[in-house]
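In what follows, a structure is listed as structure tokens, so that the remarks can point back to it.
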Amino acid sequence: MLKGIFLEVKKKFETALGVLRKEKITIDPDNLTAVAEYNKVMKTVREKADLFSESQRIKYTIETRTQGIPDARTYLLTLKEIRIKRGLTDELGAEAMMIDALDKVEKELKKPLMRNDKKGMALLVAEFDKVNQKLGIRREDLPKYEEQLELKIAKAQLEELKKDALEAMDSQKKREEFKDEEMPDVKSLDIRNFI
């Protein structure tokens with residue numbers, strides 16, 4: 001079984017490297033076109049190597065961690081825990097509004113809301129819809145939010161690549177044999193030459 005897992009991971013790794021060997025990546029996190037192109041390449045890597053996107057990874061974590069939770073309050077608190085562990089911020093204050101909505105529904109029901117209570121969950125979803133409306137979040141815009149998240153991640157990864165490349169060039173420049181050489185601009189580097 002362990003050998004099978006290793007072979008599967010090895011296959012995914014080789015597939016990802018195969019894509020990266022073919023695609024040109026411009027290490028320029030300040031250029032929106034370069035970020036979008038990098039995001040496109042990474043999307044291709046994920047599709048061909050059968051890897052999760054960040055939003056798919058979060059969804060999978062939520063599904064596995066909340067599977068046996070019977071009540072809505074513990075479910076929401078677990079979502080908060082997952083968000084914090086993933087380093088995601090609640091900039092809009094949606095979490096507090098969701099807890100307030102749950103409090104309102106539980107007060108109406110006069111008991112804790114269980115996830116298998118269809119009527120109670122329908123009331124909670126209706127309250128969540130009001131919260132989303134108040135925040136200006138529409139269900140049909142979710143793919144757009146996912147794309148924005150992927151672009152933010154791509155930009156952060158490009159910034160990290162740029163930082164690593166600059167550090168590597170800086171340490172090379174300190175070596176005696178490279179003292180007189182001009183270091184190239186990070187944007188001109190082609191990572192295909194380093195794979």
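Where Lys and Arg each count +1 and Asp and Glu each count -1, what net charge lies around Leu7 among other residues with Cβ under 15 Å from its Cβ?
Around Leu7, the charge tally is +1.
Considering only the Cα atoms of the chain, their convex hull presents on average a projected area of 15.7 nm². Projecting label points 7 angstrom from Cα along Cα→Cβ for Lys163 and Glu95 puts them 2.4 nm apart.
Each part reduced to its alpha carbon centroid, segment 16-43 and segment 57-102 end up 32 Å apart. Label point of Lys110 set 7 angstrom out along Cα-Cβ; within segment 120-156, amide nitrogens under 17 Å from it belong to 120. What a 1.4 Å probe finds exposed on the chain is 56% carbon and sulfur by accessible area, rounded to a whole percent.
Projecting the Cα positions of Tyr38, Ala72, Val105 onto the charge dipole of segment 1-119 (unit charges on Cβ atoms of Lys, Arg, Asp and Glu, taken about the Cα centre) puts Ala72 furthest along the positive direction. Taking the Cα centre of segment 43-195 as origin and assigning +1 to Lys and Arg Cβ atoms and -1 to Asp and Glu Cβ atoms, the resulting dipole is close to 880 debye.
Determine the shape class of segment 40-83: with a ≥ b ≥ c the square roots of the Cα gyration tensor eigenvalues, call it rounded for a/c under 1.5, and otherwise prolate if a/b is greater than b/c, oblate otherwise. Note, shape of segment 40-83 comes out prolate. In the full protein context, the chain carries 71 Å² of accessible surface per residue, based on a 1.4 Å probe and ignoring ligands, DNA and RNA.
Considering segment 98-176, its Cα convex hull presents a mean projected area of 8.6 nm². Using 27 Å as the Cα-Cα cut-off, could you pick out the over-long pairs in Lys10/Lys80; Lys152/Lys174; Lys12/Lys152? Checking Cα-Cα distances, Lys10/Lys80; Lys152/Lys174 exceed 27 Å.
Over the chain, DSSP H runs of length four or greater, each weighted -39,500 (n - 2.57), average out per residue to a 222 nm ellipticity of -23000 deg cm²/dmol. Which of the chymotrypsin sites (Phe, Trp or Tyr not before Pro) found in segment 36-74 are loop residues per DSSP with 14 or fewer other Cβ atoms within 10 Å of their Cβ? Hits after loop and neighbour filter: Phe52.
Between Asp71 and Arg115, the built amide H atoms are under 5 Å apart, and every one of these is 5 or more places off in sequence or on another chain.
The values are calculated or read from the model by the stated rules, or taken from the named source; none is laboratory data. Bear in mind that the values here come from a model prediction, so they are computed numbers and not experimental data. Cβ coordinates were reconstructed from backbone atoms using ideal geometry, including for glycine residues, and neighbour counts include every protein chain displayed. Remember, those area values only see protein heavy atoms, side chains included, never the ligands or the DNA or RNA. Shrake-Rupley method; radii C 1.70, N 1.55, O 1.52, S 1.80 Å.
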